[in-house]
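Undergrad: Below you will find the structure I want to go over with you.
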Amino acid sequence: MTDWTDPDALDLSDAETFDSLLDRAETREKGHFFEFFAEGDELDHDPGLSLSQHGSEQWMGQTLNHDPAYWRADTARERGFEERPVHPDYLLACVMGITVEDLSEKGGYFLGRDDVRFHRPATAGTPLSVTSTVVDTRTSSSRPKYGIVTWETEGRDRETGETLVSYQRTNMIPRREPAATDGSGGAVGEQDAGGPTLPDTLLTPDGKHFEDFQTALERADEENAAVAYRHERGRTMDDQLVAGLPLATLNTARQHHNRDEMDDSPSGDIVAYGDVTRSVALAHARSDEATYRERRFANERFHDFVTLGDTIYGFTRVLDCDSNAGPERAGAVTFEHVAFNQDQTPVYSGRRTALIQRNT
Ligand SMILES: C/C(=C\C(=O)O)C(=O)SCCNC(=O)CCNC(=O)[C@H](O)C(C)(C)COP(=O)(O)OP(=O)(O)OC[C@H]1O[C@@H](n2cnc3c(N)ncnc32)[C@H](O)[C@@H]1OP(=O)(O)O
């Protein structure tokens, strides 16, 4: 305990003196501003996270990802896994969590991710080794205080060197010095403009299996309809989801746990980690399908902020069925998933290809 009578102790009893002390002290910074990143730079991320059963179960339980293959060894074996794997959403969040200190701790928001590939299942106890390469940096023309950076990240098993998951992610990153722009916006390039108008008739598959999705798509084709439906479950964002799950994956982004700093940010409050929002919406979708394996994600976008107390629901459109992809017992289905809040505002969208079990 501090001895306040010690003549060398700081005098913290007088608020003004302490204020002036803080004003004079330099802050030892964490994270990097936009200007730090240059195309081609490679970064090795050092935090020492190993995948854990507890972490995976905590993630799955809280996000409603209740697929038994990730909870029970016998079901995992029936589903063709050698050992019970950790959940792929948890794996992805851990790989990204480790990168945050180097890439995005300074602030800004996670805008989107592309080309997410799961190379092999990962099991509890696996230590991670994660590296990123800067693939693009550009000035934001609509927000001069920020730049936009895209990195390619690869998560590997630190012991065997095998790649587990890889992806490209894009963030807004604060600039040390605001840029001079004409404020006209533009350079949107990768953003979706509009998109298709769906037909009036929306069909729902009769069941959870590959054939159900395939039959629904065939019917939609004949009837000039689309296969698109909502999921009943919702999940309200509480402290455990907003701050607890990202910190459990070593994600140090202040956006999720520092209300004081976020008070003066575009969101005005802490926001949910994009990977948590996404995982909740995917859990709603997976609860209405017989998932066999996750394969890949593309065109993931975070459209709006999710704050404490928001409730996340899911909407799914079925885009394609491929009977020849995957093992005999499953076919590949490509979905477009949308997470939306209690006001029906979309907060996430992404394309997902998963293997779905056949009926027989
Ligand atoms: C921090 C973290 C993890 C981590 O990392 O540590 C997180 O989990 S955080 C939580 C998840 N996240 C969010 O909660 C953000 C939700 N989102 C929004 O709330 C709005 O999106 C906005 C307020 C951020 C911006 O909204 P907005 O100002 O209205 O503007 P937009 O025009 O949409 O985007 C501005 C510029 O980003 C360009 N842009 C957008 N998306 C992409 C993309 N995918 N790829 C390439 N460029 C893109 C756009 O092209 C424009 O570029 P220009 O400025 O040059 O025009």
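The values are calculated or read from the model by the stated rules, or taken from the named source; none is laboratory data. The structure displayed is predicted, hence computed values, not measured ones. Counting neighbours? That spans all protein chains shown, and the Cβs are built from the backbone with ideal geometry, glycine included.
Undergrad: Determine whether segment 290-300 contains at least one residue that is within 15 Å of the ligand (Cβ to nearest atom), outside any helix (DSSP H, G or I), at positive phi and at pLDDT 95 or above.
TA: Yes, segment 290-300 contains at least one residue that is within 15 Å of the ligand (Cβ to nearest atom), outside any helix (DSSP H, G or I), at positive phi and at pLDDT 95 or above.
Undergrad: If you don't mind, there's one more thing I want to ask. What single numbered condition from (1) in contact with a strand residue (DSSP E or B) (Cβ under 9 Å, 6 or more places away or on another chain); (2) away from the ligand (no atom under 16 Å from the Cβ) fails to hold for Asp260?
TA: (1)
Undergrad: Only residues in segment 264-284 that are free of Cβ contacts under 8 Å to residues at least 60 places away in the same chain and more than 21 Å from Leu91 (Cα to Cα) count as the first member; pair them with residues that are of a type in the set (A, V, I, L, M, F, W, C) and in a helix (DSSP H, G or I), Cβ under 8 angstrom, at least 6 apart or cross-chain, and list the lot.
TA: Qualifying pairs under 8 Å: Gly268/Met262; Asp269/Met262; Ile270/Val242; Ile270/Ala243; Ile270/Met262.
Undergrad: Also: Taking Gly108 as the residue in question, decide whether it is assigned to a loop (DSSP other than H, G, I, E, B), over 13 Å from the mean Cα position of the chain (by Cα) and either buried (at least 21 other Cβ atoms within 10 Å of the Cβ) or modelled with pLDDT under 95 (or both).
TA: yes
Undergrad: Can you tell me which residues in segment 241-268 are assigned to a loop (DSSP other than H, G, I, E, B), out of contact with any Cys (no Cβ under 7 Å at 6 or more places or on another chain) and surrounded by 18 or more Cβ atoms within 10 Å (Cβ to Cβ)?
TA: If the condition is that a residue be assigned to a loop (DSSP other than H, G, I, E, B), out of contact with any Cys (no Cβ under 7 Å at 6 or more places or on another chain) and surrounded by 18 or more Cβ atoms within 10 Å (Cβ to Cβ), then Leu250, Asn251, Thr252, Ala253, His257, Ser265 are the ones that fit.
Undergrad: A further question on this structure: Can you tell me which residue among Thr360, Thr345, Thr311 is surrounded by fewer than 22 Cβ atoms within 10 Å (Cβ to Cβ), at negative phi and within 11 Å of the ligand (Cβ to nearest atom)?
TA: Going through Thr360, Thr345, Thr311 in turn, the sole match is Thr345.
Undergrad: Within segment 54-85, can you find the residues that are part of a helix (DSSP H, G or I) and among the hydrophobic types (A, V, I, L, M, F, W, C)?
TA: Once the filter is applied, which keeps residues that are part of a helix (DSSP H, G or I) and among the hydrophobic types (A, V, I, L, M, F, W, C), segment 54-85 yields Trp59, Met60, Ala69, Ala73, Ala76.
Undergrad: Among the residues of segment 17-53, what is the count of those that are touching a residue at least 60 places away in the same chain (Cβ under 8 Å) and not in a loop (DSSP other than H, G, I, E, B)?
TA: Within segment 17-53, residues that are touching a residue at least 60 places away in the same chain (Cβ under 8 Å) and not in a loop (DSSP other than H, G, I, E, B) number 8.
Undergrad: Another question about this same structure. Could you look through segment 269-289, keep only residues that are under 15 Å from the mean Cα position of the chain (by Cα) and not aliphatic (A, V, I, L, M), and pick out the one that is farthest from the ligand (Cβ to nearest atom)?
TA: So, considering only residues that are under 15 Å from the mean Cα position of the chain (by Cα) and not aliphatic (A, V, I, L, M), the one farthest from the ligand (Cβ to nearest atom) is Ser279.
Undergrad: With the checklist (1) in a loop (DSSP other than H, G, I, E, B); (2) away from the ligand (no atom under 16 Å from the Cβ); (3) not charged (D, E, K, R) in hand, flag the one item Val306 doesn't pass.
TA: (2)
Undergrad: Next question. Could you list, in sequence order, the residues of segment 83-135 that are closer than 20 Å to Thr160 by Cα, β-branched (Val, Ile, Thr) and away from the ligand (no atom under 13 Å from the Cβ)?
TA: Hits for segment 83-135 are Val86, Thr123, Thr126, Val130, Thr131.
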